[in-house]
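The values are calculated or read from the model by the stated rules, or taken from the named source; none is laboratory data. Please read all numbers here as calculations on a predicted model, not as lab measurements. Cβ: placed from backbone, ideal geometry, glycine included. Neighbour counts: every protein chain shown. Side chains included, ligands, DNA and RNA excluded: accessible areas come from the protein's heavy atoms. Shrake-Rupley method; radii C 1.70, N 1.55, O 1.52, S 1.80 Å.
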Amino acid sequence: MQVDAIILAGDKEGRALLPIGTRPMISWVVAALEASPSIRRLAVSGLPELETILPPDVILVPAGQTTVESALNGAAAFPGAEWLLMVTADIPLLKPAAVEDFLQRCQERPADFYYPIVSREASEASYPGVKRTYVRLREGTFTGGNMVLIKASALNDCASQGQKLVRLRKSPLALSRLIGLGFILKFLTRQLTIAEAEERFSHLLGARGVGVITPYPEIGIDVDKESDLELARGVLGGEAPVSPHNGGRY
């Protein structure tokens with residue numbers, strides 16, 4: 001499966017440039033994707049300052065005002081693409097093996113978009129004490145990943161509906177009506193299944209979505225607080241980045 005990848009690095013705080021080891025955080029993500037055999041082309045949607053640190057074969061496009069706009073800007077760099085892998089710039093622990101495993105698992109079920117989820121057990125087994133936001137479902141306790149594989153043809157519709165959901169986040173009553181009381185009650189009582197969550201969000205976004213359980217917790221460990229930054233620096237501080245020349249390994 002060959003896909004085009006887009007790194008979303010548009011936050012105005014410039015977190016993509018945070019130093020981890022001897023290089024900026026985004027460089028670890030770029031290296032992991034470039035070392036993944038299934039990634040055909042790579043673009044970054046971000047600030048102009050990133051241009052000086054990106055490899056020459058990586059396309060830089062302007063960031064949007066929102067994450068959705070940044071995703072659309074990135075997609076515009078690949079006209080005619082069939083599949084797009086959207087990845088955030090703040091997962092420096094990402095490994096090529098995690099990317100390849102996720103893409104392979106996505107081929108097991110037909111859908112318009114795929115979203116990785118990681119079990120709490122997998123996260124804590126590999127990174128004891130890591131702090132994540134977890135959701136209790138009937139099948140277990142999970143945290144979300146920081147990438148999504150989506151059909152390019154479904155992106156515009158999903159983006160439009162996604163923007164609607166974002167706008168409603170400040171109106172809990174309206175959002176609850178849209179999501180449905182039954183869904184919310186099942187979630188609160190921990191009776192909600194992965195399949196039910198897939199069905200509901202597929203309806204809300206107007207495209208068939210599938211949750212993919214990945215054994216690679218690195219997909220879900222984003223650097224959004226000091227403890228995450230310390231973890232990433234502890235793991236990567238003395239190691240070389242992945243590259244196409246070292247077999248895609250740390």
Q.
Could you sort the peptides 230-236, 139-145, 89-95 by per-residue average Cβ neighbour count (10 Å cutoff), highest mean leading?
A. 89-95, 139-145, 230-236
Q | region 10-57: radius of gyration and largest Cα-Cα distance (Dmax), Å | A | 10.9, 32
Q: With label points built 7 Å along Cα→Cβ from the Cα atoms of Q2 and E69, find their separation and express it in nm.
A: 3.4 nm
Q | Amide proton proximity set for I59, modelled H, under 5 Å, gap of 5+ | A | L42, A43, V44
Q: Find the eigenvalues of the gyration tensor of the Cα atoms of region 1-91, then list the square roots of 5 times those eigenvalues as equivalent ellipsoid semi-axes, largest first, in whole angstrom.
A: 19, 16, 10
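Work the Kirkwood hydrodynamic radius out for region 83-206: mean of 1/r over every pair of different alpha-carbon atoms, inverted, in Å.
Values: mean 1/r = 0.0617 Å⁻¹.
Result for region 83-206, one decimal place: 16.2 Å.
Go through 41-48, 152-159 and give me the packing order, highest mean Cβ count within 10 Å leading. Each step should come with its number before you reach the end.
Values: 41-48: 21.2, 152-159: 16.8.
Packing proxy ranking, top to bottom: 41-48, 152-159.
Hey, what's the chain come to in accessible area per residue, 1.4 Å probe, Å²?
Working: 12330 Å² over 250 residues.
Accessible area per residue: 49 Å².
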Q) Sorted by mean Cβ packing within 10 Å, highest first, what order do the peptides 65-74, 119-128 take? A) 65-74, 119-128
(Q) Restricting to Cα atoms and excluding each atom paired with itself, what does the Kirkwood estimate give for region 39-123 in Å? (A) 14.7 Å
Q: Report in % the part of the accessible area of region 76-194 that belongs to carbon and sulfur, leaving out ligands and nucleic acids; probe 1.4 Å.
A: 54 percent
Q) For the chain, how many pairs of lysine residues have a Cα-Cα distance under 26 Å, where the two are 8 or more positions apart or belong to different chains? A) 15
Q) For region 58-63, what does the Karplus curve 6.51 cos²θ - 1.76 cosθ + 1.60, with θ = phi - 60°, yield as ³J(HN,Hα) per residue in whole Hz, taken in order and with x for Gly and Pro? A) 9, 7, 9, 10, x, 6
Q: Compute the length gained on full extension between V135 and E82: take 0.36 nm times their separation in residues and subtract their Cα-Cα distance, giving the result in nm to one decimal.
A: 15.9 nm
Q: Putting +1 on Lys and Arg Cβ atoms and -1 on Asp and Glu Cβ atoms, find which of G145, L188, Y115 reaches farthest to the positive end of the dipole of the chain.
A: L188
Q. Distances over 31 Å make up what percent of all Cα-Cα pairs in the chain?
A. 22 percent
